[in-house]
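Structure, as structure tokens:
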Amino acid sequence: MMARTKSDVAPMLAKIVSDLPNGEDRSGQGAMADAVARAITTGRHLAVRAGTGTGKSLGYLVPAALSGKRVVIATATKALQDQLASKDLPLIQGRIGSRLSFAVLKGRSNYLCAQRIKEVATAGMQGELGRGEGDEESVGEDGAPFDQRRGAQARLVLAWAGETSTGDCAELSFEPDARVWNAFSVSAEECPGAYRCPSGGVCFAEAARERAGRADLIVVNMHLLGADLASEGSLLPEYDVLVLDEAHAFEDVASVSLGVSLSGGKLRSLAAAGRQALSTSRARANSAARSSAAEAVDAMVEAARLFDEHLSSRGQGRVPTPIDTDSAAMIDLIRQRVEHLEENLRNLADDRSAVVLDGPSDAQRAVRALAMSGRIRDVLDVLARLDDDSVAWIQGRDRLSLDVAPIDVAAVLSEVLFERRCVILTSATLPVGLAVRLGASPENVDELDVGSPFDYEHHALLYCAAHLPDRRHPDAEKALIEELGVLIEAAGGRTLALFTSLAVMDRAAQALRDVVSYPILLQGQGGKTALLEAFGTEPKSCLFATMGFWQGVDVPGPTLSLVVIDRIPFPRPDDPLLSARRDRIGASAFRAIDLPRAATLLAQGAGRLVRGPEDKGVVAVLDSRLASASYRFELIRALPPMRRTDDRAEACAFLEELRATHEASD
Ligand code: SF4
């Protein structure tokens, strides 16, 4: 679309906001839109901290929509992606008209694979999906066959495949079992690319990418963005500007995306893909070829087992780099077996008789297995060349993996991202200096804090339980639980208690269930959505939860008067990636790494309290370090501007007053 000038932004924003129910002019939103428009025009990077209630999505979408440039918007959560695609962008389009186009682009495995559909349709449901034990492709890693329920789901997916124009899994009327969906889709690793796929011309994922290539605004999630940056821009169309919403989450996503991971499960998946491709050609193959193929697959399965054992013998934690000779030998063995499997697969992929006899399916299975093996060889190359610029570690519970990430993500992002285009970072809890930490040059970044329209000063109280003992004290946990009980009683339930430890959460719930007069909902006793729904509909209930609930919980209204945080959420000292970064930074690592992370997470947790203009309550931090530590103001500055106290009586009085108001209107 035609670019408009910066002066068009404010009137357009005002018109769009006036279309909203209860839409009102917000000065922070206007300031943000103005700054975003300026950044896009000048090409300077911009980091905007926009507190809850700012309406930050319109604050960047309107100037982006009017810029005449192609803008990619990357979000950390699906909820925000859905909000942009189904509410904000249609609203803007309603005002600007069809000159503005937008598209949502997802990772490949979110779309039906036209080639897989063709294979199922050719071989029949029974042939492709109704297999029994030992057929890894249709039965998944646990080896269980498709049961009746999955069979019924598979039939529904197949019927929908004939109707859908997008193939986007989100458009299905039900959420299919992962194993069912996997039977109709392929991962990015498995897809050989449209030009090597006979169904490439009717590929849903390719069609989505083409739509994105024609759109002015493209909404993606951060993992797809990270994969695109790691693959030198092979996944997203060319674009001019990147908006990173929920930007506080990008550092971790980028570390994962720019790294690699290898597990026994991945090797078994390759073996399964190989078995699937090779077994279908058995009728044609001569006995020598048949036994060679079977042996290559078995050797791959054996390599997966050996790799699992190797990782188990090392245990979780950091792995020295460069890797030791035993690990190098293990990598070498895997590489030999991958190459042996590839030889057999190549024979089939090139086998013209497969095309003549069975259609393209056999050869394509081999091509897909070769795509997977090629990506595993890339990972093996990285593992074999590890140096001091990377950190490697073993992680996982039942299934271990060997993971590698660059220690200095900023160096990579500077080159592949910040030096190439204008980047706008925003979040309600954007840490100061994040853009530079991610790789932007300090002299090319503007920072802005537009605050929040909510009246934190009068509506919210930050209470620090300064009298509680240090957590290393033997009575610390007992005192913490007693304190929590007192606060819950004062609030009349209506409490979200956020813990940094599952074990402490369990013990607190157990101790308080017989003490407080209000129901306690506990993480793990139901899915997140169901728990939040139960919490939202029963105002007097309490919800006890850990990390998964520190972000993305949005419960406005009288259901929530009290957010309790059991301790300052510093990252674990043994986190492999962070410990490698600490080693590199040295003495200032605490302030450079741990403190900003704790501040961001603390602000995320505290941000659960005030979600609307009428919301009131207390954020209680049961960690005395917030009242006494030398670094406390760096944490406090990251929080919304609440009144502060360390007087429990004052916090309880505030809660009791709110409780009386709520109970009078219940
Ligand atoms: S290119 Fe082929 S294999 Fe890849 S997703 Fe599309 S249809 Fe499937």
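Details
- Hey, residue 106 at pLDDT below 90 and under 23 Å from residue 189 (Cα atoms) or not: no
- Filtering region 205-226 to residues that are touching a residue at least 24 places away in the same chain (Cβ under 8 Å) and within 7 Å of the ligand (Cβ to nearest atom) leaves only 205.
- Scope region 241-264; condition acidic (Asp, Glu) and assigned to a loop (DSSP other than H, G, I, E, B); matching residues: 246
- Residue, farthest from the ligand (Cβ to nearest atom), within region 158-199, restricted to residues that are among the β-branched types (Val, Ile, Thr) and under 23 Å from residue 228 (Cβ atoms): 166
- Among residues of region 262-311, those that are among the acidic types (Asp, Glu), at pLDDT 90 or above and over 27 Å from the mean Cα position of the chain (by Cα), counted: 3
- Tallying residues that are crowded, with 24+ Cβ neighbours inside 10 Å and small (Gly, Ala, Ser) within region 32-54 yields 5.
- Residue 81 being assigned to a helix (DSSP H, G or I), surrounded by fewer than 24 Cβ atoms within 10 Å (Cβ to Cβ) and on the phi < 0 side of the Ramachandran plot: yes
- Residue satisfying condition, being under 30 Å from residue 379 (Cβ atoms), at pLDDT below 90 and of a type outside the set (A, V, I, L, M, F, W, C), within set 408, 403: 408
- The residue pairs whose first member lies in region 608-631 and is under 15 Å from residue 595 (Cβ atoms) and outside the structural domain of residue 547 (by TED's automatic domain parsing), whose second member is of a type outside the set (A, V, I, L, M, F, W, C) and in a loop (DSSP other than H, G, I, E, B), and whose beta carbons are closer than 9 Å, counting only pairs six or more residues apart or on different chains, do not exist in this structure.
- The condition of being aliphatic (A, V, I, L, M) and within 16 Å of the ligand (Cβ to nearest atom) holds for only one of 73, 117, 40, 92, that being 117.
- For region 433-445, a tally of residues being in a loop (DSSP other than H, G, I, E, B) and surrounded by 17 or more Cβ atoms within 10 Å (Cβ to Cβ) returns 2.
- The sole residue among 537, 500, 529 that is among the hydroxyl-bearing types (Ser, Thr, Tyr) and closer than 12 Å to residue 622 by Cβ is 500.
Residue-by-condition table, conditions (1) in contact (Cβ under 8 Å) with a residue 40 or more places away in the chain; (2) in the same structural domain as residue 638 (by TED's automatic domain parsing); (3) under 26 Å from residue 629 (Cα atoms); (4) in contact with a strand residue (DSSP E or B) (Cβ under 8 Å, 6 or more places away or on another chain):
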{"site": "401", "(1), (2), (3), (4)": "yes, no, no, yes"}
{"site": "425", "(1), (2), (3), (4)": "yes, no, no, yes"}
{"site": "429", "(1), (2), (3), (4)": "yes, no, yes, yes"}
{"site": "446", "(1), (2), (3), (4)": "yes, no, no, yes"}
{"site": "465", "(1), (2), (3), (4)": "yes, yes, yes, yes"}
{"site": "472", "(1), (2), (3), (4)": "no, yes, yes, no"}
{"site": "481", "(1), (2), (3), (4)": "no, yes, yes, no"}
{"site": "488", "(1), (2), (3), (4)": "yes, yes, no, yes"}
{"site": "497", "(1), (2), (3), (4)": "yes, yes, yes, yes"}
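Okay, residues lined up against (1) farther than 30 Å from residue 395 by Cα; (2) over 26 Å from the mean Cα position of the chain (by Cα):
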position	(1), (2)
585	no, yes
621	yes, yes
631	yes, yes
640	yes, no
655	yes, yes
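- Residue within region 521-535 that is over 31 Å from the mean Cα position of the chain (by Cα) and either within 22 Å of residue 660 (Cβ to Cβ) or in the same structural domain as residue 639 (by TED's automatic domain parsing) (or both) present: no
- Count of residues meeting criterion [buried (at least 18 other Cβ atoms within 10 Å of the Cβ) and either within 18 Å of residue 493 (Cα to Cα) or hydroxyl-bearing (Ser, Thr, Tyr) (or both)] in region 526-554: 13
- When 240, 252 are checked against the criterion of being at pLDDT 95 or above and under 24 Å from the mean Cα position of the chain (by Cα), 240 stands alone in meeting it.
- Any chance residue 369 is within 16 Å of the ligand (Cβ to nearest atom), small (Gly, Ala, Ser) and buried (at least 21 other Cβ atoms within 10 Å of the Cβ): yes
For (1) modelled with pLDDT of 90 or more; (2) surrounded by 14 or more Cβ atoms within 10 Å (Cβ to Cβ); (3) in a loop (DSSP other than H, G, I, E, B), each residue gets a yes or a no:
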| position | (1), (2), (3) |
| --- | --- |
| 116 | no, yes, no |
| 119 | no, yes, no |
| 145 | no, yes, yes |
| 173 | no, no, yes |
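The values are calculated or read from the model by the stated rules, or taken from the named source; none is laboratory data. No experiment lies behind these values; they were computed from the predicted model shown. All Cβ positions, glycine included, derive from the backbone under ideal geometry; neighbour counts span all protein chains shown.
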